[in-house]
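> Below are the structure tokens for one structure; questions will follow.
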Amino acid sequence: MAEKDSVAVTAGGLEGLFRKPKTSFENKQGEEVVVNSRPSDMVYIQSCTSCKFKVKSKSAKCIIESSKDINIEFEEPIMTGTMELINSSEVTVSINPQDQLPTVSVDHCHNVHFYFYEPRAFGSIYTAQCSDVVVHLQPPYPRETTLDIPEGEYQYVSSFQAGKMVTELVIREGAGYATTVKKKERDDRRQKELMRRFEKHLFSMIKISKPGETATKAPAKAPPTKPSEAPPTKPSEAPPTKPSEAPPTKPSEAPP
């Protein structure tokens, strides 16, 4: 088994500094390959024919390019949840029932089959110029669903919504962000509602003045205060006083 193991920093200078490590397989014919990659490695399969790959360890990402009749089974999760298929045909991908693959990109591919345990195991499948892309699920979900991908050079995204597979046209917003017409309309409505609430809150804090007057901020309402309750006081009680007693006086005695 010829396996290439590239490291993050190579002799490629600055380009090599940003190159992700990968475990790659190229130009293989009719082989069964056990893949033991590192969690930081990208599994890269190129120009292979009639091969079976069993990925027995965690990987960062998986790319299959220019290959035919490929069967790949993942026993451990793809850490980034991302997989790409490019210019390939007759490819079968099986995901461990306990794992998820949120984002799949399929470009210029034909006869591709994905096996998932349930709809939550995948999020979105992006396709461009593809045909016969099929999603297999376990009961009670539809066992086999062929994506309804229109012909042409546009990109589409398919996802499981309300119990069925839905395929929509992909549009690009600012900075190339991929979305759909329905999602954009929903996001626009949400943004509009947020702006309405913000404006309402802003105007509630500002007093609109007449022409020639200066707009002033509305006075803040002080919270209602409760009257202070002083504890009841008892009337002061002075100790009882006795009447002053003068000493008895003797009557003056005159001399006889």
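> Enumerate the pairs (first residue in the range 37-56 and at positive phi and at pLDDT below 95; second residue anywhere and acidic (D, E) and in a loop (DSSP other than H, G, I, E, B)) with beta-carbon separation below 8 Å, excluding pairs fewer than 6 apart on the same chain, so at least 6 apart or on different chains.
Within 8 Å, no pair qualifies.
> Filter the range 121-136 for residues that are in contact with a Phe, Trp or Tyr (Cβ under 8 Å, 6 or more places away or on another chain), within 18 Å of G81 (Cβ to Cβ) and not polar (S, T, N, Q) and give the result.
F122, I125, Y126, V135
Listed here are the residues, each with its yes/no results for (1) within 24 Å of Q129 (Cβ to Cβ); (2) surrounded by 11 or more Cβ atoms within 10 Å (Cβ to Cβ); (3) modelled with pLDDT under 75; (4) in contact with a helix residue (DSSP H, G or I) (Cβ under 6 Å, 6 or more places away or on another chain).
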| site | (1), (2), (3), (4) |
| --- | --- |
| Y156 | yes, yes, no, no |
| S159 | yes, yes, no, no |
| K183 | yes, yes, yes, no |
| Q191 | no, no, yes, no |
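> For G12, are the conditions met, namely being modelled with pLDDT under 50 and either in a loop (DSSP other than H, G, I, E, B) or more than 31 Å from the chain's Cα centre (by Cα) (or both)?
Judged against the criteria, G12 is a match.
> Among the residues that make up the range 77-86, is at least one of them in contact with a His (Cβ under 7 Å, 6 or more places away or on another chain) and at pLDDT 95 or above?
yes
> Considering each residue of the range 85-110, count those that are within 13 Å of I125 (Cα to Cα) and either of a type in the set (K, R) or open to solvent by 50 Å² or more (accessible area, probe 1.4 Å) (or both), and give that number.
Total satisfying the criteria: 3.
> Follow-up question, since we're still on this one. Can you tell me which of P211, P142, P150 is at pLDDT 75 or above and more than 18 Å from V93 (Cβ to Cβ)? Even if it seems obvious, please write down each step before you answer.
Working: P211 fails: at pLDDT 75 or above; P142 fails: more than 18 Å from V93 (Cβ to Cβ).
Sole residue among the options that is at pLDDT 75 or above and more than 18 Å from V93 (Cβ to Cβ): P150.
> If you check E3 against the conditions, is it open to solvent by less than 90 Å² (accessible area, probe 1.4 Å), modelled with pLDDT under 70 and more than 29 Å from the chain's Cα centre (by Cα)?
yes
> Within the range 155-170, track down each residue that is over 11 Å from Y126 (Cβ atoms) and either of a type outside the set (A, V, I, L, M, F, W, C) or touching a residue at least 12 places away in the same chain (Cβ under 8 Å) (or both). Before the answer, list the steps.
Our first condition is that a residue be over 11 Å from Y126 (Cβ atoms); within the range 155-170, this holds for 160-166, 169.
Listed by number, the residues that qualify are F160, Q161, G163, K164, M165, L169.
The values are calculated or read from the model by the stated rules, or taken from the named source; none is laboratory data. None of these values were measured; they are calculated from a predicted model. FYI the Cβ positions are ideal-geometry reconstructions off the backbone, even for glycines, and counts take in every protein chain you see. Heavy atoms of the whole protein, side chains included, go into the accessibility calculation; ligands, DNA and RNA do not. Shrake-Rupley method; radii C 1.70, N 1.55, O 1.52, S 1.80 Å.
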